[in-house]
Amino acid sequence: MQEQLIDKVMEEIKRRMETAQTKAAAGSEQAACISPTPGITEFVGTAMGDTIGLVIANVDPILHEKMKLDPRFRSIGILGGRTGAGPHIMAADEAVKATNTEIVAIELARDTKGGAGHGCLILFGAEEVSDARRAIEVALKELNRTFGDVYANDAGHIELQYTARASYAINKAFGAPLGKAFGIVVGAPAAIGVLMADTAVKTANVEVVTYASPAGGTSFTNEVIITITGDSGAVRQAVIAAREVGRKLLETMAGPAPSLTTPYI
Amino acid sequence: MQEQLIDKVMEEIKRRMETAQTKAAAGSEQAACISPTPGITEFVGTAMGDTIGLVIANVDPILHEKMKLDPRFRSIGILGGRTGAGPHIMAADEAVKATNTEIVAIELARDTKGGAGHGCLILFGAEEVSDARRAIEVALKELNRTFGDVYANDAGHIELQYTARASYAINKAFGAPLGKAFGIVVGAPAAIGVLMADTAVKTANVEVVTYASPAGGTSFTNEVIITITGDSGAVRQAVIAAREVGRKLLETMAGPAPSLTTPYI
Amino acid sequence: MQEQLIDKVMEEIKRRMETAQTKAAAGSEQAACISPTPGITEFVGTAMGDTIGLVIANVDPILHEKMKLDPRFRSIGILGGRTGAGPHIMAADEAVKATNTEIVAIELARDTKGGAGHGCLILFGAEEVSDARRAIEVALKELNRTFGDVYANDAGHIELQYTARASYAINKAFGAPLGKAFGIVVGAPAAIGVLMADTAVKTANVEVVTYASPAGGTSFTNEVIITITGDSGAVRQAVIAAREVGRKLLETMAGPAPSLTTPYI
């Protein structure tokens, strides 16, 4: 009888913990959407990946010079996160398409909160702060989509990105041609990325824009990253083939590697 | 009635877990102060941030050369930690003020145990090992204070440092003028650091010594770091203003970001 | 009486949690040995340290060029892990000794899943894929041994490696002379590594091949790493002496630092 009571208590504890976790998760999701404003006019919003968006209407002239910003831009938009660089670059690319801003800096940190990849800092330049603010708003909203083809588990992550028409953020970050289809293929640990890269370029007739690995082109992350351009159908096909092989390998290492949000490619 | 019993059990479990955690925390604090010596003469002590202090009376000549140490110094003091570089540099600065030693190397690792910042390795040179030992002792003791204006939560951290009179460690690390007031402003993720930097330089009439970001001046950490010099009142005011804005942003991202010890600025 | 019941429930909870953990640990160990194949012909196997081994029979010519591979090798073997670089280099060294392959790249990421050290990507070149596959198989099997003198706890880790006869992987990674005894001494945080290095070179008549620290020779890891060569008895003695001092310091910082597998030196 005592056995039964203990079992019941254990079950109850398990149930309550799960409820608490679900509540916490839901709460944090909600927090990401409607985070309380800190009462700072420069604050725009937050998004997943520990991302924050800010604007400065008039950058202090001394700092402006130290940051080597283009003198044309008094205002800047600031987009930065702990996890993700690809999602942020893709989101920034949509933001420059939609607003009167330019990308003035894309910097990749060795971060991802202790994972194998990058965090980032992206700066938009604008003549008017309203433009900078609009760019950050667009980018923050895009992030939920651009995290869609990031798949992760305890062993690492893979990331895929695709756009039918690359704009200035992609051009700034990778030197990819403007207006053409563009894709990113990332595998971590880097070993997986090598095979994903090989799969991508063998699948369809695409051009390799960049190849990056731990010792070159990354900030020492444990990733192999290729970026590709070409015909939109070919780029998409290459990215999807790389995703299949990368996800299988990652799941062989450490079990299910679900999408962080919802796949978009 | 069984419901009530389960509730009671849950409460009791919660209470016991909290007690256990409090005890563990207290224990670890105590451990940091009175750690058992490993029976190695070179061992000086440990401090927070997974910091260890060591001395070598006579560095092996082969190693001495490989480490490119100044031939004047037979003895070295070694201060290194997993979390923190600013706190260690400030502590080292007090140590050189107080002892007959020089700073021979300050190296910043991309560490912080998986957080967004730096770990460090600082070497003191001395002609006598007693001087090296004294320097390490002073530095270890200072760390509790210099971690005081580090505020952290799950999204990142901010760090502020201030001294009315910079000495050789600060000069070595940042090229800041000797004998003048000096401050450090750090924000992670880097996006927060940009706004903190802007706030600092707008608040008071200070001079920017260095500006560092993920792609330049850091070891690829997800931080923006500015160092400032000038009138002591102005530097202090700038640092405090940056702290206010940085802490608000960090807390908007992920809730309370308390000081790691006790604020000193 | 209720007190007693609560005590019993607490005990039962503790017991069940421990059983669950033991089962999980055992399961993960087994998973590392008999991981399900992902149904990809390029997959060879996995090993500890989140290591994966892969082969590509014919690297795509475009990718081949972007990766700057030697044109002689159509096939490559890929060995990569999240934790460890030393163990992988030593394992690769055995693999090149045993097979008709060459090491074409050794890249060190700033990884270790958020710890203080490196992850890695090692590429073997081969004319036949069967040779590449054999090399990866040998390396994967060696890893269990080469992780044997890695000791870790919450404060950091130390790592020792020793071979009586260095081969091409070691030569490629460190420039150490072929056919001679060779050892690696690693301490993290870096402060510990300095004292281990000093101890090693003072213990026996060895030659220092390389000295690496956070700011030079590492990928910004919080490690000091020396590699040594010389008489096999001397190298072994130096490595063992460094291990003693390093382990004592690490354990002073954060308690027991057991071997990750079984010490082999």
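Descriptive notes on the structure:
- Of everything listed in (1) open to solvent by 20 Å² or more (accessible area, probe 1.4 Å); (2) within 8 Å of chain A (Cβ to nearest Cβ), the single unmet condition for B:Leu195 is (1).
- Given (1) farther than 13 Å from C:Ala152 by Cα; (2) open to solvent by 30 Å² or more (accessible area, probe 1.4 Å), index of the condition C:Glu251 fails: (1)
- Flag if B:Ala173 is in the same structural domain as B:Ala47 (by TED's automatic domain parsing) and closer than 27 Å to C:Leu195 by Cα: no
- When residues in the stretch A:145-155 are screened for being in a loop (DSSP other than H, G, I, E, B), open to solvent by 10 Å² or more (accessible area, probe 1.4 Å) and more than 14 Å from chain C (Cβ to nearest Cβ), 0 of them pass.
- Qualifying positions in the stretch A:43-66 - aliphatic (A, V, I, L, M) and outside any loop (DSSP other than H, G, I, E, B): A:Val44, A:Ala47, A:Ile52, A:Leu54, A:Val55, A:Ile56, A:Ile62, A:Leu63
- Consider the stretch B:71-102 and keep the residues that are hydroxyl-bearing (Ser, Thr, Tyr) and within 12 Å of chain C (Cβ to nearest Cβ). The one that is most open to solvent (accessible area, probe 1.4 Å) is B:Thr83.
- Members of the stretch A:216-235 that are under 21 Å from the mean Cα position of the chain (by Cα) and either part of a loop (DSSP other than H, G, I, E, B) or within 27 Å of B:Asp111 (Cα to Cα) (or both): A:Gly216, A:Gly217, A:Thr218, A:Ser219, A:Phe220, A:Thr221, A:Asn222, A:Glu223, A:Val224, A:Ile225, A:Ile226
- When C:Glu142, C:Glu159 are checked against the criterion of being part of a helix (DSSP H, G or I) and either within 14 Å of chain B (Cβ to nearest Cβ) or of a type in the set (D, E, K, R) (or both), C:Glu142 stands alone in meeting it.
- Single condition B:Ala105 does not satisfy, out of (1) touching a Leu at 6+ places or on another chain (Cβ under 6 Å); (2) open to solvent by less than 10 Å² (accessible area, probe 1.4 Å): (2)
- The residues on offer are B:His64, B:His118, and the sole one that is under 11 Å from the mean Cα position of the chain (by Cα) and either closer than 30 Å to B:Glu244 by Cβ or surrounded by fewer than 21 Cβ atoms within 10 Å (Cβ to Cβ) (or both) is B:His118.
- The residue of the stretch C:67-85 that is nearest to the chain's Cα centre (by Cα), among those that are within 17 Å of C:Ala169 (Cα to Cα) and part of a strand (DSSP E or B), is C:Gly81.
- Members of the stretch C:166-220 found to be of a type in the set (Gly, Ala, Ser) and under 20 Å from B:Ile76 (Cβ atoms), listed by number: C:Gly187, C:Ala188, C:Ala190, C:Ala191, C:Gly193, C:Ala197, C:Ala200, C:Ala212, C:Ser213, C:Ala215, C:Gly216, C:Gly217
- The stretch B:225-262, residues that are away from chain A (no Cβ under 12 Å) and at pLDDT below 95: B:Pro256, B:Pro258, B:Ser259, B:Leu260, B:Thr261, B:Thr262
- Candidates B:Ala173, B:Ala204, filtered to the one that is buried (at least 24 other Cβ atoms within 10 Å of the Cβ) and more than 11 Å from every other protein chain (Cβ to nearest Cβ): B:Ala173
- Flag if A:Val209 is in contact with a strand residue (DSSP E or B) (Cβ under 6 Å, 6 or more places away or on another chain), without any contact (Cβ under 8 Å) to a residue 40 or more places away in the chain and either part of a strand (DSSP E or B) or open to solvent by 10 Å² or more (accessible area, probe 1.4 Å) (or both): yes
- Test: residue in the stretch A:177-196 that is in contact with an Asp or Glu (Cβ under 6 Å, 6 or more places away or on another chain) and free of Cβ contacts under 8 Å to residues at least 24 places away in the same chain: no
This table checks each residue for (1) surrounded by fewer than 24 Cβ atoms within 10 Å (Cβ to Cβ); (2) out of contact with any Lys or Arg (no Cβ under 9 Å at 6 or more places or on another chain).
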{"residue": "B:His157", "(1), (2)": "no, yes"}
{"residue": "B:Val186", "(1), (2)": "no, yes"}
{"residue": "B:Pro189", "(1), (2)": "no, no"}
{"residue": "B:Gly217", "(1), (2)": "yes, yes"}
{"residue": "B:Asn222", "(1), (2)": "no, no"}
{"residue": "B:Glu244", "(1), (2)": "yes, yes"}
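The values are calculated or read from the model by the stated rules, or taken from the named source; none is laboratory data. Remember, predicted model here, so these are calculated numbers, not experimental data. Heads up, the Cβs are rebuilt from the backbone with ideal geometry, glycines too, and the neighbour counts pull from every protein chain shown. Remember, those area values only see protein heavy atoms, side chains included, never the ligands or the DNA or RNA. Shrake-Rupley method; radii C 1.70, N 1.55, O 1.52, S 1.80 Å.
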